[in-house]
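These notes are about the structure you will find just below.
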Amino acid sequence: MANRYRIGLIDGDGIGPEIVPAAARVVEQALSGAGRSVDWVPLELGHTTIERYGTAIPEATLAALDDLALWILGPHDSAGYPSEHRAGLTPGGAIRKRYDLYANIRPALAHDGVRATNPDLDLVIVRENSEGLYADRNMARGTGEFMPTPDVALSVGVITRAATERIAVSAFELARSRRKHVTIVHKANVLSMTTGLFRDVCLEVAQRYPDVRVDDEHVDAMAAHLVRDGRRFDVVVTENLFGDILSDLAAELAGSLGIAASINTSATKAMAQAAHGAAPDIAGRGVANPVGIIGSAAMLIEWQALRTGDDALAVAAESIRSGISTALAAGIATADLGGTATTAGFTDAVLDILENPPPGTNLANEQ
Ligand code: ATP
């Protein structure tokens, strides 16, 4: 069993250089508590590389990612790039496409100590990440969105059996480790061929999981159900654009987008990426909430634990989650959650909890 893990570290833009190093500190300490260590591979991307090398995603960064199984991607401020760098895929989109990171796993979990519209929410959105209605990445070449004339714009949605089957398997496998309930979200009454195929293939996969309860919802009804009674959902599987929208909604219902974690995975690679953006409006002030990226890093480690069978990694991931929950429950929070903690202050609090776990809350020293 490996004792050391190589993990890529990409600060990105905006608040990235503040929150990504915070996540790295927490990961390092949690792994060390579990008898493992990390070799960071720092990589560049975003505004700084546009200035230095004329590209938002340097070849050197991609070449390094080719050799890595795990990395943490900070947010990118692609909307703020010079116009010539805004035409193609965003850096995150380009990386997801290059490595076919087809499963975007986005939990929405309400925490004690964080005011939430739905304080009982505990669900995971499993979002298909490679095709669907995301026209900027659903073609082998070019884009699925085009304008035959300046006054006509078209967009092509792509749903395939193969991509739907693999995301459905991800959702049903995940449900087996949770409350054994999958909800398929589609819009088959309107997009009957595309999202109808998505629903039907998911239902076919469901037959291989007789122990998992399955139901389905139209995406518009799903948005309403999430607001009214989100706690009845466990694992939600859906296509790319629906998943993007519903996961932001669910994150806000659970408290704030700033605390929403996520990972993007293929069978062999995983990328931690918080659900929020680069927040340029607060960058450089040391007040950004690091919870989303720290939670994403915990998911990354847990994914590697499942893949390799290294239980020490699962222990480290659980200790990070526990550290976050304990800090939030104690009322330590950044300004976006109504608190006064700085990014460094919140991170220090989590590190303190990892170092001196309150009884029954931290597993870092159990192996
Ligand atoms: P993107 O399209 O890249 O996701 P966006 O423009 O939708 O980005 P964000 O960059 O996520 O939006 O910012 C939206 C708002 O949320 C901003 O006011 C920002 O300051 C705030 N915000 C986002 N992330 C955080 C965070 N980690 N901590 C505190 N505030 C945040």
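Brief remarks follow.
- Note on Ile159: accessible area approximately 30 square angstrom, rounded to 10, probe 1.4 Å, nucleic acids and ligands left out.
- Charge context of Leu174, other residues only, Cβ under 11 angstrom, K/R +1, D/E -1: +2
- Close amide H partners of Val236, meaning residues 5 or more places away or on another chain with modelled amide H under 5 Å apart, are Val124, Ile125, Val126, Thr183.
- Average Cα contact separation per residue, the chain, under 8 Å, 6 or more apart, as relative contact order %: 22 percent
- Kirkwood Rh (inverse of mean 1/r, distinct Cα pairs), the chain, angstrom: 20.9 Å
- Counting only residues at least eight positions apart within a chain, or on another chain, the lysines with an alpha carbon under 19 Å from that of Lys269 are Lys97.
- Cα shape, segment 1-153, gyration tensor, a/c 1.5 rule: oblate
- With one equal scatterer per alpha carbon and no solvent term, the Debye-computed log10 I(q)/I(0) for segment 234-329 at 0.22, 0.24 1/Å reads -1.26, -1.33.
- Summary of packing: across the peptides 188-194, 290-296, 139-145, the per-residue average of other C-beta atoms within 10 Å ranks them, highest first, as 290-296, 188-194, 139-145.
- With a cut-off of 12 Å between beta carbons, the residues surrounding Ile324 carry a summed charge of -1, where Lys and Arg count +1 and Asp and Glu -1.
- Cα-centre dipole for the chain with unit charges at Cβ (Lys and Arg positive, Asp and Glu negative), debye to 20: 580 debye
- Residues considered: Arg176, Arg285, Arg137. Largest GNM mean-square fluctuation over the chain, using C-alpha springs under 10 Å, is found at Arg285.
- Over segment 116-254, Cα pairs under 8 Å with separation of 6+ residues give a relative contact order of 38 percent.
- Stretchable slack from Asp151 to Arg98, in nm (0.36 nm times residue separation minus alpha-carbon distance): 15.9 nm
- The chain - share of DSSP beta bridges that are antiparallel (%, nearest 5): 40 percent
- DSSP bridge analysis restricted to segment 116-254 gives an antiparallel fraction near 20%, rounded to the nearest 5.
- Calculated [222 nm] ellipticity per residue, helices only, for the chain: -12500 deg cm²/dmol; basis is -39500 (n - 2.57) per DSSP H run with n ≥ 4, divided by all residues, nearest 500.
The values are calculated or read from the model by the stated rules, or taken from the named source; none is laboratory data. A quick note: this is a predicted structure, and the numbers were derived from the prediction, not measured. Heads up, the Cβs are rebuilt from the backbone with ideal geometry, glycines too, and the neighbour counts pull from every protein chain shown. Accessible surface areas use protein heavy atoms only, side chains included; no ligands, DNA or RNA. Shrake-Rupley method; radii C 1.70, N 1.55, O 1.52, S 1.80 Å.
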